[in-house]
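The values are calculated or read from the model by the stated rules, or taken from the named source; none is laboratory data. Values in this document were obtained by computation on a predicted structure and should not be read as measured data. Here Cβ is always computed from backbone atoms with ideal geometry, including for glycine, and neighbour counts include all displayed protein chains. Ligands, DNA and RNA are stripped out before the accessible areas are found, and what is left, the full protein with its side chains, is counted by its heavy atoms. Shrake-Rupley method; radii C 1.70, N 1.55, O 1.52, S 1.80 Å.
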Amino acid sequence: MSIDQRLQSYLKRNLTLEDALPTKMPAYVNSFGYFFGTITLAALAMLFMTGIWMSIFGPAWRHESSLGAFVNAMHFWAVEVFYLAAILHILFKFFTAAWRDGRWRTWLVGWLIFAASIFSGISGTLLQQNWDSQWNAQQGKDAFAALGLGWLNWNDYASLLTLHIAVFALMVALLAAAHLFLIRREGPVRPIVDGGQVRIENEESAR
Amino acid sequence: MSALSDKYMRGIPMKPYDMIREGLFILAGVAIVVILLSAVWGFPRIPPLTLKQVAITAPVAFTERTLSYFDGQSGLQTYGPPYTGDRENAQRVGPICPACWTGVAHPTDFRQALVINPLKSAAVLNPDIATALDSYDKATPAQQKAWTDAYGAALGKATAKDGKLILATGDYGPVPTLMNGMLKLAQAGLLEGALVQGANPNYAPYNTDFTLPLYYLGGDRIMGTVADHFDEQGGQWGMSHVAGPYPGAWWLWPYAFLYQIPAIGNADAADLIAGMIIAAFGLILFFLPFVPGLNRLPYIIPVYRLIWRDWYAKYPSGDPTRDPANSGFDSDRGQFPSTKPG
């Protein structure tokens, strides 16, 4: 069997077009909480859009022009929305025990996204070129050194910018893609049956 | 649907859905919120503290800092990894010392980099500095120490006028010339440039490493005063908030909280202890699905019954295959009937 055939077979078993672009959803997907993940993703999209915008025009633009400062502010507030939505999303998934029925992979990848985003956020703070980035560079050196992360040069602007807009951004994007793949592959987890005392047949067989 | 999802959703009522449309609506909503927040509150635009500002407004504090690098008394010169080989000050908890393990990745002679290199640049323009450097180098270590000690003592009682230091008369050798050279370099706004370019002169036009100017002012007296003003010290929840009326990195509250506990915040290895606790906490959350007891919490705290209240109203057990006749779910319209749960 060729690689293409194997891939086709894999996708037929794991991610059909109906899975990737669903036209129907289980009736139990009926809570505002299901929006938190999408809001997180939308905030991430805003971060990428404003980040690319700032990358094109450079550091001076975002300080010296009013439009650049506004785009910079959008990037900042998109981070706030991202974390608010992400934490609500995590709480929602916790309270629904969403790792059930083989969905622990989605849970693990979700936390990897969160961890990568923390590094992305810290590097972003250090790139702001304002008092806060200066103070955090001073304070952060002790934490970075203590945790064995001092080998990365957090004060080299070119290195830090590359980490922020390429390495950490790519990590978050790839992990988010993997998270979405798993979500669409497996579908929304079923409601808890009998207070979690029993598993139903389909749950077991889907693992 | 795929074989996997087909099997999983067997017996589950479905409703019509348009994922892309929903995603676009939410993206538009988030964009509006972000634009409004940006328009109303903007972004923290407090500029960085420059060496020039400090040298002009606080020449005594600036010179004390400079002297500490020159006589080797600053904390940076005994910092340990990743800058110096001295490991005594590296944070450790028992045998755990990540800084020691990763080693001296960026070896730096801070006396040379922060003071001598800029002075050598200034000496090209000012022969007095060249002479003073030469005199200092030719003196015995005991003499050098006597000069810097005497100058340091006088500096503790010094005043400033019009950006100039006023010290009591004493035998300081060439030290005042050197320290005034650094002060003037900073007051002219040239010190940051000298530090950055001096770090690697062979690549001067391309140097982007700002370690030296970022660390020059230190974290205590000078920058600490500004940080105090903005409530940004470690004991004030540190980097979990920013200067001004902005929410900042509030998601780091659990990390910042650890520094508020005196046993941690005042410890020599505060950063390592806080980091280890957060790492342990993170690992528990990461592996929560497999942690006995903790992975049962969602069942004990039945928030899920609120989230899926419509579902449980129709299927009290949660399993529609047990009681399909009672569902009343209209799969064509994708709606539950209007009867109240109960």
Task: Counted residues, segment B:85-96 - those being surrounded by 20 or more Cβ atoms within 10 Å (Cβ to Cβ) and β-branched (Val, Ile, Thr) - done: 0
Open item on the list: Which condition from (1) among the aromatic types (Phe, Trp, Tyr); (2) more than 29 Å from B:Ile307 (Cβ to Cβ); (3) open to solvent by less than 40 Å² (accessible area, probe 1.4 Å) is the one that A:Tyr28 breaks?
Closed with: (2)
Open item on the list: With the requirement that a residue be within 11 Å of chain A (Cβ to nearest Cβ) and closer than 30 Å to A:Met74 by Cβ, what does segment B:42-97 give you?
Closed with: B:Gly42, B:Phe43, B:Pro44, B:Arg45, B:Ile46, B:Pro47, B:Pro48, B:Leu49, B:Thr50
TODO: Just name the residue that is surrounded by the fewest Cβ atoms within 10 Å (Cβ to Cβ) out of those in segment A:58-68 that are in contact with a helix residue (DSSP H, G or I) (Cβ under 6 Å, 6 or more places away or on another chain) and not basic (Lys, Arg).
DONE: A:Trp61
Open item on the list: Consider segment A:17-39. How many of its residues are without any contact (Cβ under 8 Å) to a residue 12 or more places away in the chain, at the interface with chain B (Cβ under 7 Å from one of its Cβ atoms) and not hydroxyl-bearing (Ser, Thr, Tyr)?
Closed with: 6
Open item on the list: Give me the residue from segment A:105-124 that is open to solvent by 30 Å² or more (accessible area, probe 1.4 Å) and closer than 26 Å to B:Phe230 by Cα and, out of that set, nearest to the chain's Cα centre (by Cα).
Closed with: A:Ile118
TODO: Would you confirm whether any residue within segment B:246-263 is at pLDDT 85 or above, in a helix (DSSP H, G or I) and under 26 Å from A:Tyr28 (Cα atoms)?
DONE: no
Task: Check on A:Leu84, more than 24 Å from A:Val193 (Cα to Cα), open to solvent by 70 Å² or more (accessible area, probe 1.4 Å) and modelled with pLDDT under 95 - done: no
Task: Selection within segment B:97-135 - in contact (Cβ under 8 Å) with a residue 24 or more places away in the chain, loosely packed, with under 14 Cβ neighbours inside 10 Å and β-branched (Val, Ile, Thr) - done: B:Thr131
Task: Set B:Gly275, B:Gly238, B:Gly293: member being of a type in the set (Gly, Ala, Ser) and at pLDDT below 90 - done: B:Gly238
Task: segment B:280-293 - residue that is more than 18 Å from A:Ile87 (Cα to Cα) and of a type in the set (A, V, I, L, M) and, of those, nearest to the other protein chains (Cβ to nearest Cβ) - done: B:Val291
- [ ] Take segment B:178-190 and flag every residue that is farther than 13 Å from B:Val60 by Cα, surrounded by 19 or more Cβ atoms within 10 Å (Cβ to Cβ) and not hydrophobic (A, V, I, L, M, F, W, C).
- [x] B:Gly181
Open item on the list: Suppose the filter is surrounded by 16 or more Cβ atoms within 10 Å (Cβ to Cβ), closer than 30 Å to B:Ala204 by Cβ and at pLDDT 95 or above; does B:Leu76 pass it?
Closed with: no
TODO: Enumerate the helices (runs of 4 or more DSSP H) found wholly within segment B:1-115, keeping only those where 3 or more residues are more than 28 Å from the chain's Cα centre (by Cα).
DONE: B:3-8, B:19-41
Open item on the list: Checking the structure you have, find out if any residue of segment B:257-267 is out of contact with any His (no Cβ under 9 Å at 6 or more places or on another chain), surrounded by 14 or more Cβ atoms within 10 Å (Cβ to Cβ) and facing chain A (nearest Cβ under 7 Å).
Closed with: no
Open item on the list: Step by step: first the residues of segment A:1-25, then only those that are among the charged types (D, E, K, R) and surrounded by fewer than 18 Cβ atoms within 10 Å (Cβ to Cβ), then the one that is nearest to A:Phe94 (Cα to Cα). Which residue is that?
Closed with: A:Lys24
